[in-house]
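The values are calculated or read from the model by the stated rules, or taken from the named source; none is laboratory data. For clarity, every value in this text was computed on a predicted model and none was experimentally measured. Quick reminder, even Gly has a Cβ in these numbers, built from the backbone with ideal geometry, and neighbours come from all protein chains shown. Accessible surface areas use protein heavy atoms only, side chains included; no ligands, DNA or RNA. Shrake-Rupley method; radii C 1.70, N 1.55, O 1.52, S 1.80 Å.
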Amino acid sequence: QVQFVESGGGLVQPGGSLRLSCVVSGSNFGFTVSDMGWYRQPPGKQREWVAAFSETGTPIYTRSPPVRGRFFISRDNAKNTVYLQMNNLKVEDTGVYYCNTFGANFARRDWGQGTQVTVSS
């Protein structure tokens, strides 16, 4: 059984920054934090992926809407933790942010509670 615990969200003004964390707990994951990504669910919309690690471990970012240059995904394998540094936040970045496995090679696990990010003046 694996659990994702997201944290670090909050209310921030446009242009502000937040750093999200996702701690993976449990045993026999069948994956590592290198196989994970961040997703978000804007109000009234479906969940979408935002940032992840490719099969080669390279960070990749959604183009719709574009976050490259503002969002940065990183990981700490020893801590089983994935981070998302978000800079120059925009109102359209508002949503609940989740972490989970990413890519076709890994089935999505049960979603955690997520962490709410609200960007508003």
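Scan the stretch 91-121 for residues that are over 11 Å from the mean Cα position of the chain (by Cα), in a strand (DSSP E or B) and closer than 14 Å to Asp35 by Cα and the total you get is 0.
Give the number of residues within the stretch 68-102 that are under 15 Å from Arg19 (Cα atoms), in contact (Cβ under 8 Å) with a residue 60 or more places away in the chain and among the polar types (S, T, N, Q). Final tally of qualifying residues: 4.
Pairing residues of the stretch 41-63 that are under 15 Å from Gln116 (Cβ atoms) with residues that are part of a loop (DSSP other than H, G, I, E, B), at Cβ distances under 7 Å and at least 6 apart in sequence or on separate chains, gives Gln41/Arg47; Pro42/Thr94; Pro43/Thr94; Val50/Thr62; Val50/Val67. Any residue at all in the stretch 58-77 that is open to solvent by 50 Å² or more (accessible area, probe 1.4 Å), assigned to a loop (DSSP other than H, G, I, E, B) and at pLDDT 95 or above? No - not one qualifying residue is present in the stretch 58-77.
Here Asn88 passes the criteria (1) assigned to a loop (DSSP other than H, G, I, E, B); (2) at negative phi; (3) open to solvent by 70 Å² or more (accessible area, probe 1.4 Å) except the one numbered (2). For the stretch 4-42, taking the residues that are assigned to a loop (DSSP other than H, G, I, E, B) and at pLDDT 95 or above, the one that is most open to solvent (accessible area, probe 1.4 Å) is identified as Gln13. Taking residues in the stretch 1-27 that are closer than 13 Å to Thr94 by Cα and in contact (Cβ under 8 Å) with a residue 24 or more places away in the chain, and partners anywhere that are hydroxyl-bearing (Ser, Thr, Tyr) and open to solvent by 50 Å² or more (accessible area, probe 1.4 Å), the pairs with Cβ atoms closer than 9 Å and at least 6 places apart or on different chains are Leu11/Ser120; Val12/Ser120; Gln13/Ser120; Gln13/Ser121; Pro14/Ser120; Pro14/Ser121. As a summary of the residue check, Asn100 satisfies the conditions (1) surrounded by fewer than 22 Cβ atoms within 10 Å (Cβ to Cβ); (2) within 18 Å of Ser27 (Cα to Cα); (3) not basic (Lys, Arg) except for the one numbered (1).
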